[in-house]
Amino acid sequence: MRHFANWGILGLTLIFLIGPFVIIILAGASAGPNLAFPPEGLSLKWYAKVFTIESFRASFVLSMALAVFGTITALVLGIPAAYALNRYDLPGAETIRTIVAAPIIVPGIIVGLALLRYVVVPMNVTVTVALFMAHTALVLPYAVRVVSSSMHNLRADMEEAAVLLGCSRMQAFTKVVLPNIRGGVLAAFILGFVTSFNQVPVSLFLSGPGVRTLPIDMLAYMEITFDPSIAALSALLAFMSLAIVFVAERLLGFSRYV
Amino acid sequence: MSDTFVQLTDLTLTYGKNIAVPALNLSIREGELIALLGPSGCGKTTTMRAIAGLLAPASGSIHIDGRDVTRLAANKRGIGLVFQSYALFPHLNAFENVAFGLRLQKLPEAEIKSRTEQGMATVGLSGFEGRKPAEMSGGQQQRLALARSLVMRPKVLLLDEPLSNLDARLRLEMRTELQRVQKETGVTMVFVTHDQAEALALADRIVLMQQGKIEQLGTPAQLYAQPETAFAAEFMGFENIFKVAGDSVQNDHGSLPLGYRPDSAILAWRPDGVRVGQGPHQGRVTACSFAGGHREYVIDSALGPVKANADIALPEAQIGDSLSFDLPQATARPLRA
C-alpha cells in the first residue's frame, strides 16, 4: 500500500512537470488553424511555418547573440570575481556577494524599469546595447555563484606549487586553476545562456521598434495571431535547451555543478 | 661539509600586526638535512614559506648559494617545496605532474621525457605515468610530489610535514626513502615537523623552535641527550621537570629533598631515569600500563604526578599501591632557566 502511494506521488509529480511540455508539443503538431488541445488532427505544418516567419528569425538571432555574448561577458567578469572572493580575505566580501546576486533577487520588472528610466532614456543608450548590459547583469550572479562553488574545493597550495615550479601567478591561473574549474565554467555558461535566452520581464522594457528578443516577439505574435505555430516554436526551443543540457551532461557531468 | 649554503639573517616575519618570527638567524650547510621542529604556531612553517618566497619578510635577509634572494620572486628562486597536502594537479596524470616544471622551461621534448622518467624511477613510481593523482594511494601521491620537485634540480628542497599524512608503516618506508633520495641527489633539505621522533630519525641537525625563536640547535644526539631548556627537555621526552631550591626540587604541588646539591636551576628526568622500587621517596600509583619491556607508572607524590618506567622483571604494583622511588643524580639533566 505504502509502495503504491509512493509511485502515485512520483507519477503525479512527473505529470505536473512534464505534462505542459507534452501539451505544447502536441498543440504545435495540430492540423487545425487554432491553438488548441487536444489538437485537431496531426501535422507538422506549424513546425515548418515557424521557420518562414521573418520576425522570428530576426529575434532568434538577437536572442542568440544576447545569450552567447552576454554570458561570455558575464564569465569574463565573473571568473576573476569568483577567484578574488575565494582566494582573498576581501573587506566587505559579503556585501560584494549580495550585490552580485542582486539581479536575480530583484524582480525583473524593476530591473527593466530602472534600466529604462535611469540608463536608456537619460544616457541615450541604444536598445541593443541596453539589452546587452541587462542580460550580462542578469547572468553575472550565475557566473559568480557556479564558478565559485567549483573553485571552492581547489586548494590555494596548488597554485603555490605551480609558482614554485616556475609559473607566474597568471600562468598558475591559466595552467592550474582554469583546467580544474572547466566544468563549473561550462555549467555557468549553460545556466547563463538559458536564463538569458528565456528572459522576459527585463527585455519587455528594453525592446524597441524592430529590436525584440524572441520571447517578447512571441508574446507580440500571440496578441495578433493565435495559431499553433507559437506552440511549435515553444516546443522547438524546449528541445534546444534539452539538447544543450544533454550534451553538457555527456561531456562533463553537468549535474555535479548545479 | 662545505660552508654556509642557506643563510637567514635577522629574518623577521609578520602576519599583519602579529610577529610570527622575530629576527631569526640560521645557517644551513650544503647537502644538509635540517629539521625545523616545534609545536604548531612556533613559526616553523612560516620560516619555510619565507625561504620558498611565498611570504615576504618584514625585515632581514635570505641568502641562498651566496646570492641575496630576499626580494626574488618565488618562481625564480629554484627552490622545491613538497606540500603537506601534496598539492598535485588533479587534471594532469602522474607523468605530466612531474613534467610540469620542465615544460615551463621549454626544454626539448626528449629531455623532458628522460628527466621525468628518471625522476619517477628515483621515487619508485615507474609504470604509474598514466595514473591520475586521484587514482594513487597517499604514499604514492607523496612520492609523486617529491618527484615533481626533484626533477627541477632545486638548490634547496623544502618539505612541509612530509610524513604526517601517512600511516605508521608507510611513514617508516618514506623516512628511509627520503634519506636515500637525499643521499643520491645530495640536495639540501629542510623539513618542517611537529614530531620529535621524525626529526630525530631523519635530520642531520634539528632546529627546535618556540614562539618564532630558536630554542636549541644541534644534532639529534645532542638534542636528545643534552636539552638545554625546560621546553627542549619536555619536547625530547623528559617528562619530570622540577625547579631546584637548595638541595631539593619543588613545584606547585610541593617539594622533595634530593640528598645532593645540584648547581643548575632546573633538573629533569626521563621516565626511564626515575628509579622505581627503592629509594627515599614514597608515592601512590595512580596509573600503570604495560609497554612491552617495561611498565609505565604514574606515581602521585609530594611533587604531584611523577612518571616512571620500571623494568618488567620488578614485581608489578597495582593502582593504589604505595611505591618507593628515587630521582638519582646520575640520570638528572641540568637545565638553565
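The values are calculated or read from the model by the stated rules, or taken from the named source; none is laboratory data. Keep in mind the model is a prediction, meaning the values are calculated, not measured. Cβ atoms come from the backbone with ideal geometry, glycine included; neighbour counts cover every protein chain shown.
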Taking into account only those residues within segment B:62-112 that are surrounded by fewer than 22 Cβ atoms within 10 Å (Cβ to Cβ) and hydroxyl-bearing (Ser, Thr, Tyr), which is nearest to the other protein chains (Cβ to nearest Cβ)? B:Ser85
Residue in segment B:42-58 that is surrounded by fewer than 15 Cβ atoms within 10 Å (Cβ to Cβ) and closer than 28 Å to B:Glu234 by Cα present: no
For segment B:114-159, enumerate the residues that are of a type in the set (A, V, I, L, M, F, W, C), assigned to a loop (DSSP other than H, G, I, E, B) and more than 21 Å from A:Gln171 (Cα to Cα). B:Val123, B:Leu125, B:Phe128, B:Met136
Listed residues B:Gly139, B:Gly119; which is away from every other protein chain (no Cβ under 13 Å) and among the small types (Gly, Ala, Ser)? B:Gly139
Of the criteria (1) under 30 Å from B:Val98 (Cβ atoms); (2) in contact with a helix residue (DSSP H, G or I) (Cβ under 6 Å, 6 or more places away or on another chain); (3) of a type in the set (Ser, Thr, Tyr), which one A:Ser203 fails: (1)
Every residue in segment B:55-98 that is in contact with a strand residue (DSSP E or B) (Cβ under 8 Å, 6 or more places away or on another chain), hydroxyl-bearing (Ser, Thr, Tyr) and within 20 Å of A:Arg169 (Cβ to Cβ), please. B:Thr70
Can you tell me which residue within segment B:29-41, out of those that are in contact with a helix residue (DSSP H, G or I) (Cβ under 9 Å, 6 or more places away or on another chain) and among the hydrophobic types (A, V, I, L, M, F, W, C), is surrounded by the fewest Cβ atoms within 10 Å (Cβ to Cβ)? B:Leu33
Considering (1) more than 8 Å from every other protein chain (Cβ to nearest Cβ); (2) closer than 30 Å to B:Asp3 by Cβ; (3) of a type outside the set (Lys, Arg), say which one B:Ala52 fails and leave the rest. (1)
I'd like to verify a number: residues in segment B:171-186 that are among the aliphatic types (A, V, I, L, M) and more than 12 Å from B:Leu146 (Cα to Cα), how many? 1
Among the helices (runs of 4 or more DSSP H) lying completely within segment A:178-237, list those that include at least 3 residues that are small (Gly, Ala, Ser) and closer than 24 Å to A:Val146 by Cβ. A:182-197
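Table: residues versus (1) among the charged types (D, E, K, R); (2) within 17 Å of B:Gln182 (Cβ to Cβ).
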site: B:Leu81; (1), (2): no, yes
site: B:Phe95; (1), (2): no, no
site: B:Glu117; (1), (2): yes, no
site: B:Gln141; (1), (2): no, no
site: B:Lys155; (1), (2): yes, yes
site: B:Ala168; (1), (2): no, no
Going by the structure shown, is A:Val127 closer than 23 Å to A:Val211 by Cα, away from chain B (no Cβ under 14 Å) and in contact with a helix residue (DSSP H, G or I) (Cβ under 9 Å, 6 or more places away or on another chain)? yes
Restricted to segment A:158-185 and to residues being facing chain B (nearest Cβ under 10 Å) and surrounded by fewer than 17 Cβ atoms within 10 Å (Cβ to Cβ), the residue farthest from B:Leu150 (Cα to Cα) is A:Arg182
Just to be sure I understand, how many residues within segment B:171-199 are at pLDDT 90 or above, under 16 Å from the mean Cα position of the chain (by Cα) and of a type in the set (A, V, I, L, M)? 4
Restricting attention to segment A:75-107, report how many residues are farther than 20 Å from A:Met170 by Cα and of a type outside the set (Val, Ile, Thr). 9
Unmet requirement for B:Pro22, which otherwise passes all of (1) within 24 Å of B:Leu146 (Cα to Cα); (2) surrounded by fewer than 18 Cβ atoms within 10 Å (Cβ to Cβ): (1)
Going through (1) within 25 Å of B:Leu170 (Cβ to Cβ); (2) of a type in the set (Gly, Ala, Ser); (3) under 29 Å from the mean Cα position of the chain (by Cα); (4) more than 10 Å from every other protein chain (Cβ to nearest Cβ) one by one, B:Gly130 fails only at (3)
Mind counting the residues in segment B:262-281 that are outside any helix (DSSP H, G or I), free of Cβ contacts under 8 Å to residues at least 60 places away in the same chain and closer than 16 Å to B:Asn240 by Cα? 4
Suppose we filter segment A:248-258 for residues that are modelled with pLDDT of 70 or more and surrounded by 13 or more Cβ atoms within 10 Å (Cβ to Cβ); how many remain? 2
Tell me, which residue of segment B:142-178 that is polar (S, T, N, Q) and more than 12 Å from chain A (Cβ to nearest Cβ) is farthest from B:Ile28 (Cα to Cα)? B:Asn165
Scan segment A:73-95 residue by residue and report those that are under 20 Å from A:Leu191 (Cβ atoms), of a type in the set (Val, Ile, Thr) and free of Cβ contacts under 8 Å to residues at least 24 places away in the same chain. A:Val76
Among B:Glu173, B:Glu177, B:Glu111, the single one that is of a type in the set (Asp, Glu) and either in a loop (DSSP other than H, G, I, E, B) or farther than 27 Å from B:Ala201 by Cβ (or both) is B:Glu111
Of the listed residues (A:Leu17, A:Leu12, A:Leu35, A:Leu44), the one being of a type outside the set (Val, Ile, Thr) and over 26 Å from A:Phe197 (Cβ atoms) is A:Leu12
